[in-house]
1. Could you grab me the full set of residues in the range 124-143 that are among the polar types (S, T, N, Q) and surrounded by fewer than 24 Cβ atoms within 10 Å (Cβ to Cβ)?
2. Among the numbered criteria (1) surrounded by 15 or more Cβ atoms within 10 Å (Cβ to Cβ); (2) at pLDDT 90 or above, which one does residue 324 miss?
3. Filter the range 331-363 down to the residues that are modelled with pLDDT of 90 or more and of a type in the set (A, V, I, L, M), then identify the one that is surrounded by the fewest Cβ atoms within 10 Å (Cβ to Cβ).
4. Can we say residue 279 is of a type outside the set (A, V, I, L, M) and in contact with a helix residue (DSSP H, G or I) (Cβ under 8 Å, 6 or more places away or on another chain)?
5. Which numbered condition in (1) modelled with pLDDT of 95 or more; (2) out of contact with any strand residue (DSSP E or B) (no Cβ under 7 Å at 6 or more places or on another chain); (3) not hydrophobic (A, V, I, L, M, F, W, C) is the only one that residue 218 fails?
6. How many of the residues making up the range 262-321 are of a type in the set (A, V, I, L, M) and farther than 30 Å from residue 353 by Cα?
7. Taking the range 474-490 as the search range and keeping residues that are of a type in the set (Gly, Ala, Ser) and under 19 Å from residue 396 (Cα atoms), which one is surrounded by the most Cβ atoms within 10 Å (Cβ to Cβ)?
8. With the condition being closer than 16 Å to residue 448 by Cβ, touching a residue at least 12 places away in the same chain (Cβ under 8 Å) and of a type in the set (Val, Ile, Thr), I'd like the strands (runs of 3 or more DSSP E) fully within the range 27-78 carrying at least 2 qualifying residues.
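The values are calculated or read from the model by the stated rules, or taken from the named source; none is laboratory data. This is a predicted model, so every value here is computed, not measured. Here the Cβ positions follow ideal geometry from the backbone for every residue, glycine too, while neighbour counts run over all protein chains shown.
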Amino acid sequence: MIVLHRVSGLTLVAVVFLGSAMPLAQPYDLAILNGRVVDPETGLDAVKNVGIANGRIEVVTDGAIHGAKVIDATGLVVAPGFIDLHSHGALSEANQAFQLRDGVTTTLELEAGVRELPEVARGAARLINFGASAGYLNARMETLDGLTSRHLSDTEGSSFIGLHGFWSLVKYQLGISLRVTEGAATDEEIDGIHEILEQEIARGALGVGFLLDYMSDGIAPREVERLFDWAGARDQVIFVHMRRMPVAGDPSALRRLLTLAERSGAGLHVCHITSAATRNIAGFLKRIRDARDRGVDVTTETYPYWAGSTFIAAQVFDRDWQQTFGTSYQDIEYPETGERLTKARFEQLRSKRPDAVVIHHYNQERWVTPAVVAPGVIIASDAMHKAAPDDAVHPRSAGTFSRVIGRYVREDGLLSLMEALGKMTLLPARRMEPLADAFERKGRIQVGMDADLTLFDLGKIIDQATYNSPNRPSTGVEYVVVNGRVALNRGQLSVERQGRWLKGNESNR
């Protein structure tokens, strides 16, 4: 039986007393005993004891250790805490609660980014670590339309969901088009956008979130080039949602991004590679591998689901989306009701509920699986923002990481446990290290590393969330440790809030 217990004061006295006669170590804050410790960086995969003090790993050993708190991890895998580079719910407690049960200890909003994160983060106790990039969309809307996150509530204003919902309502219900998505920027306006990005980087933002596809009707090639030049001159990383081309699987947009990254020296992270690649995933992955072989700083990610998710008012639906994706109205699902849409219902929702989240079933397992198992591809959820625990969104928001281990490792044998954990821990940590030194201490189980750990039963871990029941937490994750404190105890959330805001290096200069 797995037991978490606190040693009593009397027992501590006895240990100290016995220590004068026997070589017993001083108790750690937390001792994790007899777990299968897996560290993707060193290749360690063995039963060990882990001692934690002051939020750091102090020892990984075969020897006996003691702790003020003890977890008997017999039969459990002890892994580095999972790092999610792509969550639109990174600042939402509802999202964090689901992600904690999925083994996540650090959640980041990097694709969209935010504006004025310090105001949102100040004084907030979080379940898990969090951070965000500087949102290009936010900076562009402020510069071209004079609108900021102050026009929305603190919670929604800092999220992609809130911003997209806001401009969707303005466009579809008030009939006002915003330049942020449709207008070209002058050189002076681009300078203004860059000034805002500079401010956000100085305030702790992690790179730049670039929702290019959502702004592609307004952004000219010159504006994209200038962003890459700006980022390259500052050793920043651009996290991009690339343009979708009219023909599914057309690599033109990826080829252009790789060229810009190579020329400018900017770091490039391509979000949800399968969304743009679809049937041409092999070709997309090869282009990224070839670019890396040439020295380009480029990474990518995927989630293990065949459907995507966005807003019904997204610009992609203004285009010939049925031709692009090879789908129809019946392939679009409205998660609030579970219904598949008709043309009439689609048009009604776009008019009356332009901010509604929909699930678009356009991908196929045979296109997604190669990305999930490909070496170097990071696992990231693309979790959709949940304002409340019962909000119906894509199941990836609750089950991404457990799904990879349960299905791709245990059931199908397409990944080894070490490979899968590397995609969730070490690879995302390495992607972030140039931006924030804090990530040099994450994604690893070694002495001196941050004590962010996920303990799970390899025989039981699995996602439970589905498209029809998206609010079912994953099972099999027994304990999660965040900064040395137990945040999840046998599947139950702790009252402690140990998550920290992870700031970029520029905020310390």
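1. To start, the set of residues in the range 124-143 that are among the polar types (S, T, N, Q) comprises 129, 133, 138, 143.
Result: 143, single match.
2. Single failed check for residue 324: (2).
3. 344
4. Spelling it out, residue 279 is indeed of a type outside the set (A, V, I, L, M) and in contact with a helix residue (DSSP H, G or I) (Cβ under 8 Å, 6 or more places away or on another chain).
5. (1)
6. Filtering the range 262-321 for residues of a type in the set (A, V, I, L, M) gives 266, 268, 270, 273, 276-277, 281-282, 285, 288, 291, 296, 298, 307, 312-314, 316.
Now drop any that are not farther than 30 Å from residue 353 by Cα, which leaves 266, 268, 281-282, 285, 288, 291, 296, 298.
Qualifying residue count for the region: 9.
7. Within the range 474-490, the match that is surrounded by the most Cβ atoms within 10 Å (Cβ to Cβ) is 474.
8. Correct list: 44-53, 56-61.
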